[in-house]
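Below is one structure, written out as structure tokens; the observations come after it.
Please treat every number below as a calculation from the coordinates, not as lab data. On a predicted model such as this, the values are computed, not experimentally measured, just so you know. All Cβ positions, even for glycine, are placed from backbone atoms using ideal geometry, and neighbour counts span all protein chains on display.
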Amino acid sequence: MALANPGAAGKFRLGGVIGDTLSFVGRNPVLALAVAVCFFVLPSILSALLTFAYREKATFLVGGGRVEPFSVTIYVGFLLLAGLLSALPAFLGHAVLSTAVLEDARGHSPSIVNCIQSAFHRLVPVLCIGFTIYLLWFCAQQAEVAAQLLFPTFGGGVAFLLAVVPSIVWVLGSLAAVPVAMREGLGAMASIRRSRALTKGNRWPIFGLFLALFLLTLALRLGLFLGFDLALMAAPAVVVIVNATANSAVTAIAWLLASVTATTTYIALRRAKEGGGVDELVDVFS
């Protein structure tokens, strides 16, 4: 069963994107679960454990009295490395799900083996897209932290407006880059430019959709935090492992929904702006 038609050419329908996302997950629960565990949960747990094991040593470099630029560089570099350890495999999982959604849209049953092979075939552009997006977001976050430390009264707010908000806008415009790379065979920068061209004129509804996804993730994390705060205070090592696993599960849900939504959005945008049937848009294995 193919994805629902998001609307005639020239009309982008958000409801169709939401329905197609949920329909895909409902039709392919085993594939979605396998990708979530392999590409989202396990790397996230590894990153969390690495951070727990070595962050104290990294913090020591900048915590003992005088803070030197070299030690700060090491600390920030550690945070970047730990984040990439989780983010890059997640973008690869995004590529696997994008391929699965595109194949599902043709009315075929996607094979996880074929989808993984296709993702690894496009490994370089996908990882370059992931690195570019994550690096921009990481730099925006670090700019906000630095501004708060240097100017406690107003620095955080100014940095949020000047760095974080533009980064959010840019990331939303680039959300279809991975599906573009998988479907159209473009390089990383060309895929990002293509994504920004497709999303232009529809970024407010896309923003609303991903804001809802963000709020859902935030609610799950808040419930998780309250649960651990009330129940698990006795055994720190156990708490860290269980908490990392639970947080990784929430991260996996967010990545799963975001990846499928980004691809269904890509299909909807192409049909709305360029017309054509599903076969013309998603013949990924031809």
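Remarks
- 3J(HN,Hα) couplings calculated from phi for segment 160-174 with the Karplus curve 6.51 cos²θ - 1.76 cosθ + 1.60 (θ = phi - 60°) are, in sequence order, 4, 5, 8, 10, 6, 4, x, 5, 4, 4, 5, 5, 4, x, 9 Hz; Gly and Pro show x.
- Net charge of Cβ neighbours under 14 Å - reference residue 262; Lys, Arg +1; Asp, Glu -1: +4
- With 0.36 nm allotted per residue and the present C-alpha distance subtracted, the residue 142-residue 73 stretch has 23.7 nm of extension available.
- Gyration tensor (Cα) of segment 155-214, equivalent ellipsoid semi-axes in angstrom: 24, 14, 9
- With a Förster radius of 22 Å applied to the C-beta separation of residue 215 and residue 149, the computed FRET efficiency comes to 0.20.
- Sequence of 184, 103 once ranked by neighbouring C-beta atoms within 10 Å, starting from the fewest: 184, 103
- Chymotrypsin sites (Phe, Trp or Tyr not before Pro) lying in DSSP loop within segment 119-217, provided at most 10 other Cβ fall within 10 Å: 154
- For segment 252-264, the Karplus equation 6.51 cos²θ - 1.76 cosθ + 1.60, evaluated at θ = phi - 60°, returns couplings of 5, 4, 4, 5, 4, 5, 5, 5, 5, 5, 4, 6, 5 Hz by residue, with Gly and Pro reported as x.
- Scoring 21-28, 145-152 by mean Cβ neighbours within 10 Å over their residues and listing the highest first yields 21-28, 145-152.
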